[in-house]
Amino acid sequence: MDWIRHHPGAAIFTALIGLLIFLWGMAIPLSYAPEPIGPAAELFAEGTRVTVGLTVVSGLAGLVLGVLVGLGNLSPIKPIRWFCAFYVWVLRGTPLLLQILFVWLVLPTLLPAQWSLSDFTLAAIALSLNIGAYNSECVRAGILAVPHGQIEAAKALGFSPFQTFWDIVLPQSMRIALPALANNLASLVKDSSLAYAISVVELTMVGYRIQAESYQPIPVFLTVGAIYLILTTAFTTMTNAIEQMLDVGRKR
Amino acid sequence: MNEHPIIEAIDVHKRYGAFHALKGVTARFYPGEVTAILGPSGSGKSTFLRMLNRLEKHDAGQIFIDGIELNDDPKHLAAIRREVGMVFQNFNLFTHLTVLRNVALAPMRIRKVARKAAETRAMALLERVGLADHAHKYPIQLSGGQQQRVAIARALAMDPKVLLFDEPTSALDPEMVNEVLTVMRELAHTGITMLVVTHEMGFAREVADRVLFFDQGSILEDTTPDRFFNDPAHERARAFLAQVKHGF
Ligand SMILES: Nc1ncnc2c1ncn2[C@@H]1O[C@H](COP(=O)(O)OP(=O)(O)OP(=O)(O)O)[C@@H](O)[C@H]1O
Ligand SMILES: [Mg+2]
């Protein structure tokens, strides 16, 4: 959209405020809807907040993880490279649902009993691990796409390897990787619905429960679908705008 | 001329696999000297230049910059890269940073200059290369000649004692070559040591104090521009000059 391109800062601000108003205000108009939606408005709102919470937490953790693993994949140290490649291989080669169930059932047995992680936390861990694997491939490709001349120029100026990475390679590779990372984030909004399997009461689970009580799946799932669309639109608007902001050096 | 060379290369060799790219190069460069490095394609000019700030490692021989030996010691390398700036054929400006930031960043990071001071200095350098008006643009918004002038300002911001130029005008449209050569000409009179790999014979003849002629990985001639252009000692140099005269 043109407007996003010309005013990326305003677009991010608008999408963010819009999202916050939506998350905490949606129950009010929704409560005027007819049965079975109106009486459950507060449940829909709560489920939406859980979905967004899962997305944001796993999205951020997955981004950090993606950068670390993407780097590890390019490490000169072989065991690190092997470990990262193995991680990506496993997480991309098995179903997300299986990963969620595995983390939910196995992780608590490995940790000290007094930690007792919530279902939300366990779902967020599984989602982070999953999106982190996908992100790492984007980050790795982004790093490899930074022209070698940029690195040589930094070296010649006296930048240390870390400074070269932090000031030059990382920002440029993120700019290259961003469209793909944004794509992963948009999928995460939807993939977070799999957390219903470990009884996290996110948006899809709310819909499932309400239709089970009311025997009216059509209005319930249409509402749930509409809410997902609003969420993905808000996230896509923000990532598009961030892309535009990072892209300044590449367009005339 | 000063007694102590700022750059000393002693019997330096470089191999790429089986290919012997530099075959025992020995040369000394003195402070303030402007040296034009000439020679046919593939003769090892870039390899030699890039070895002086360790963008390439030499396999044998020794290199000293301002008395510090160039080797695997990271302290030596850091000290040497602070002293030696480089200007590339393709400019290699940081594409994600503004012109001002390109020039100010290295002093901030490496010399730990405060941002304000670094940017003030960067503005003065941009003024000097005639680009103060473009400080807040991104590299891609500039012409090739302008980008190369920014690249020179960026190298100067570190206050190097030595500036290496690897074919600084070869990637430029003909009408932009002069604006870059003008900046380099002005620099030549400031006392900075310059090593310039170039195909600009006019620049070599008029600005350089000295000409090195590379051929097949060795220095074949090390002489004054006057002698090199009027009375080269080797047949290979004569052939090179004849070819250059008739254009490429
Ligand atoms: N990384 C490399 N791997 C293998 N061979 C290389 C490498 N870099 C340079 N060479 C070879 O070493 C020789 C010298 O290269 P160099 O770039 O120093 O030549 P040059 O004199 O700068 O030539 P030009 O005028 O074309 O830039 C060439 O034959 C080149 O093919
Ligand atoms: Mg070359």
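Quick notes on this structure:
- Selection over region B:48-69 of residues that are within 14 Å of ligand 2 (Cβ to nearest atom) and within 12 Å of the chain's Cα centre (by Cα) gives a count of 5.
- Residues in region A:210-223 that are in contact (Cβ under 8 Å) with a residue 24 or more places away in the chain and assigned to a helix (DSSP H, G or I): A:Ile210, A:Gln211, A:Glu213, A:Ser214, A:Pro219, A:Val220, A:Thr223.
- Check on A:Glu213, charged (D, E, K, R) and over 18 Å from the mean Cα position of the chain (by Cα): yes
- Residue check: A:Ile21 meets all listed conditions (1) free of Cβ contacts under 8 Å to residues at least 12 places away in the same chain; (2) surrounded by 15 or more Cβ atoms within 10 Å (Cβ to Cβ) but one, namely (2).
- Of all residues in region B:16-56, those being touching a residue at least 40 places away in the same chain (Cβ under 8 Å), under 16 Å from B:Ile80 (Cβ atoms), within 13 Å of ligand 1 (Cβ to nearest atom) and touching a helix residue (DSSP H, G or I) at 6+ places or on another chain (Cβ under 9 Å) number 3.
- Residues within region A:64-96 that are out of contact with any Phe, Trp or Tyr (no Cβ under 9 Å at 6 or more places or on another chain) and assigned to a helix (DSSP H, G or I), tallied: 19
- Test: residue in region A:167-179 that is more than 14 Å from every other protein chain (Cβ to nearest Cβ), assigned to a helix (DSSP H, G or I) and not small (Gly, Ala, Ser): yes
- Among the residues here, A:Glu152 does not qualify as away from every other protein chain (no Cβ under 14 Å) and in a helix (DSSP H, G or I).
- Residues of region A:180-200 classified as in contact (Cβ under 8 Å) with a residue 60 or more places away in the chain and either in a helix (DSSP H, G or I) or surrounded by fewer than 17 Cβ atoms within 10 Å (Cβ to Cβ) (or both), total: 14
- Condition met for B:Val84 (more than 16 Å from ligand 2 (Cβ to nearest atom), more than 17 Å from the chain's Cα centre (by Cα), touching a residue at least 12 places away in the same chain (Cβ under 8 Å) and over 30 Å from B:Ala242 (Cβ atoms)): no
No value in this document is a laboratory result; all are computed from the given coordinates. This one's a predicted model, so the numbers in the text were calculated from it and none came from an experiment. Ideal geometry is used to build each Cβ from the backbone, glycine not excepted, and the neighbour counts take in all protein chains shown.
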